[in-house]
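The values are calculated or read from the model by the stated rules, or taken from the named source; none is laboratory data. Not measured: the values here are computed from a predicted model. So basically every Cβ, Gly included, is an ideal-geometry build from the backbone, and we count neighbours across all protein chains shown.
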Amino acid sequence: MHQIEIVGMRKNRDLKIVFTIIVLAIIGIIISIGVILLNKTKLNQENELEEVSAEAINILVEQNVISYTENSGDTNNKNQNQEFVNTISNIYNLNKTKTVYLTFDDGPTKEVTPYILDTLNKYNVKATFFVLGTRVVMNPDILKREYNEGHYIANHGYSHKYSSIYKNADSVLDEYNRTENAIRNALGTDYSSNLFRFPGGSHGGPYEKIKKEARKKLTDNGIAFMDWSALTYDAEGAKTPEDIVKNLKNTINGWNNVVILMHDAADKKITYESLDDVIEYLQKEGYAFKNIYDIM
């Protein structure tokens, strides 16, 4: 009997071990699936936040370089805001000498924007910041610093969530207005940027039909929109300052009037780490730095 009990105990122990292994394996599988889904969700969110398709870039550059004039009309009959719209739409033909506009999207953030501002001050360069309304609400003091130091505050929408901003043309205008209100509240003034940058660019992509309607709606309301002609790929995988400058060289194409796309989102440490190199390269190439105040 004693031997039988021992055998039975061993069987029970073995069953417990097997059961424990199975339970741990199941837990491991569940955790793995959860991590995969979390990473996939995070990747989709990042892709939505930073989406800049090659097709969109090509369209933007092509349209702007040939003096984009959709819905421009007769400038003699425009009010001041509409004249501003016309000026922005022809930004790539404004200067015969080399001129560059540094622009930063997706801020302000505590992690990156102050360091960018420090570098800009070091070189006495004024830039244009296309801000998100949600981040203006979170960081009003940084927005005030941008404004007080002579940088132009422009509008990049409120959420940067494509499914929200591109529901229809009215939702684009609504996000613009919400961000304008956030800017005014932060600055304590009646400031109006009258300048919008479409998340992902104003042309191309799956929302092109809505973007087209929104372009007209913005223009009809005296609101300009501006894209870019060169970029550093700071949001598309550039890892080092050398990568940043190389990408800039490859996209600037020797044009006289250049708008450079960069970002000051919280995870864009590479942007401020490479900004010295970007500015010094542009200085070496003979570019003068301007922001939107210079062309108003």
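Worth pointing out:
- Failed item, numbered, when Thr219 is tested on (1) under 18 Å from the mean Cα position of the chain (by Cα); (2) more than 14 Å from Val131 (Cβ to Cβ); (3) of a type in the set (Val, Ile, Thr): (1)
- Enumeration of residues in region 244-279 that are charged (D, E, K, R) and without any contact (Cβ under 8 Å) to a residue 12 or more places away in the chain: Lys246
- Selection from region 249-279 of residues that are under 21 Å from Asn121 (Cβ atoms) and in a helix (DSSP H, G or I): Lys269, Ile270, Thr271, Tyr272, Glu273, Ser274, Leu275, Asp276, Asp277, Val278, Ile279
- Some residue of region 213-230 being without any contact (Cβ under 8 Å) to a residue 40 or more places away in the chain and closer than 24 Å to Asp264 by Cα: yes
- Residues satisfying the stated conditions in region 79-101, i.e. closer than 22 Å to Met262 by Cα and basic (Lys, Arg): Lys98
- Unique residue being part of a loop (DSSP other than H, G, I, E, B), aliphatic (A, V, I, L, M) and modelled with pLDDT of 95 or more when the list is Val125, Val100: Val125
- Criterion: in the same structural domain as Ser192 (by TED's automatic domain parsing), within 16 Å of Phe104 (Cβ to Cβ), buried (at least 16 other Cβ atoms within 10 Å of the Cβ) and in contact with a Lys or Arg (Cβ under 8 Å, 6 or more places away or on another chain) - qualifying residue of Lys290, Lys268: Lys290
- Pairs where the first residue, in region 92-114, is in contact (Cβ under 8 Å) with a residue 12 or more places away in the chain and the second is of a type in the set (Ser, Thr, Tyr) and part of a helix (DSSP H, G or I), C-beta under 8 Å, 6+ apart: Leu94/Thr87; Phe104/Thr113; Phe104/Thr271; Gly107/Thr113; Val112/Thr271; Val112/Tyr272
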